[in-house]
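The values are calculated or read from the model by the stated rules, or taken from the named source; none is laboratory data. Computed from a predicted model, the values in this text were never measured in an experiment. Because the Cβ atoms are built from the backbone with ideal geometry, glycine has one as well, and the counts that use them run over all protein chains shown.
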Amino acid sequence: MNPFMVLAAFAADFARLSRLLDTDAQRTLGATLAELRAAGPDREPAAERAARTVLDALPAEEAARLRQDGDPGRYAGPPAAALHEGYAAVDLCMLVLDGNPMVGPVLGPVRERLLAQPALEWWPGAEPLLIVLSGEDGRRRLPLFQFEAGTLPWRIVPEVNSVLGAETDPWGAADWWLSRTTWWDGAPAELLGRGRDAELLGAARALAAVADGGGE
């Protein structure tokens, strides 16, 4: 059995399978995945413990399916790089340890695009309405566009972030700031410091109204 493939298959069906784990199993899985993330080159023992936690906690038919997905014959490459439907074991680490939904073949590339932007390390006491993103390593980052100078945020950024719901959807908020929009010839982040704060706030409110159904 390839434990990395088992964990990848669990990640691919996480929304459904995670609800089948009791509290103790969830706690144990979190601990074993933390070991896996922290492990050096010899990561297989930690992966095996995490996979065993999942298999022992799931109903027999679900565990049998994951064991089949973890058949070594299904993947010829290095065990730790195994993918199942575009998901990997590291995706499960992000889902469980960080609550990071940006995993898999669709959202993973979006995550990497946003993480490729300049950023500061998060620090205790940082403005709570700033966007905080994390990647495979779990390290928390503050996209740099939010700051006027050093660690001083632009005054409008926390207000816009609040309207965008960045506390619950930091990735969506970051994508809005850093992607070209139909409102302007460029990304909203490029307007910071140009006397366009009212426009930024208005655009964020318009987007929030549509999301809430007010634009129908």
Meets criteria (surrounded by 14 or more Cβ atoms within 10 Å (Cβ to Cβ), closer than 21 Å to Val210 by Cα and modelled with pLDDT of 95 or more) for Pro188: yes
Helices (runs of 4 or more DSSP H) contained entirely in region 1-116, each with at least 2 residues that are under 22 Å from the mean Cα position of the chain (by Cα) and touching a residue at least 24 places away in the same chain (Cβ under 8 Å): 3-12, 14-17, 23-38, 44-57, 89-93, 104-115
Restricting region 71-107 to residues that are among the charged types (D, E, K, R) and in contact with a strand residue (DSSP E or B) (Cβ under 9 Å, 6 or more places away or on another chain), the residue that is farthest from Gly135 (Cα to Cα): Arg74
Positions within region 172-210 being among the aliphatic types (A, V, I, L, M) and farther than 17 Å from Pro153 by Cβ, in sequence order: Ala187, Ala198, Ala203, Ala206, Leu207, Ala208, Ala209, Val210
Residue list for region 166-213, restricted to those being over 16 Å from Ile131 (Cβ atoms), of a type outside the set (A, V, I, L, M, F, W, C) and touching a helix residue (DSSP H, G or I) at 6+ places or on another chain (Cβ under 8 Å): Thr181, Asp197, Glu199, Arg205
Any hit, region 79-91, residues being under 30 Å from Trp154 (Cβ atoms) and at pLDDT 95 or above: no
Residue among Glu148, Glu121 that alone is more than 30 Å from Asp91 (Cβ to Cβ), modelled with pLDDT of 95 or more and among the acidic types (Asp, Glu): Glu148
Any hit, region 195-215, residues being within 23 Å of Ala119 (Cβ to Cβ), of a type in the set (Gly, Ala, Ser) and not in a helix (DSSP H, G or I): no
Qualifying positions in region 133-156 - touching a strand residue (DSSP E or B) at 6+ places or on another chain (Cβ under 6 Å) and more than 20 Å from Gly104 (Cα to Cα): Arg141, Leu142, Pro143, Leu144, Gln146, Phe147, Pro153, Trp154
Any hit, region 32-44, residues being modelled with pLDDT under 95, loosely packed, with under 13 Cβ neighbours inside 10 Å, more than 23 Å from Asn100 (Cα to Cα) and not aromatic (Phe, Trp, Tyr): yes
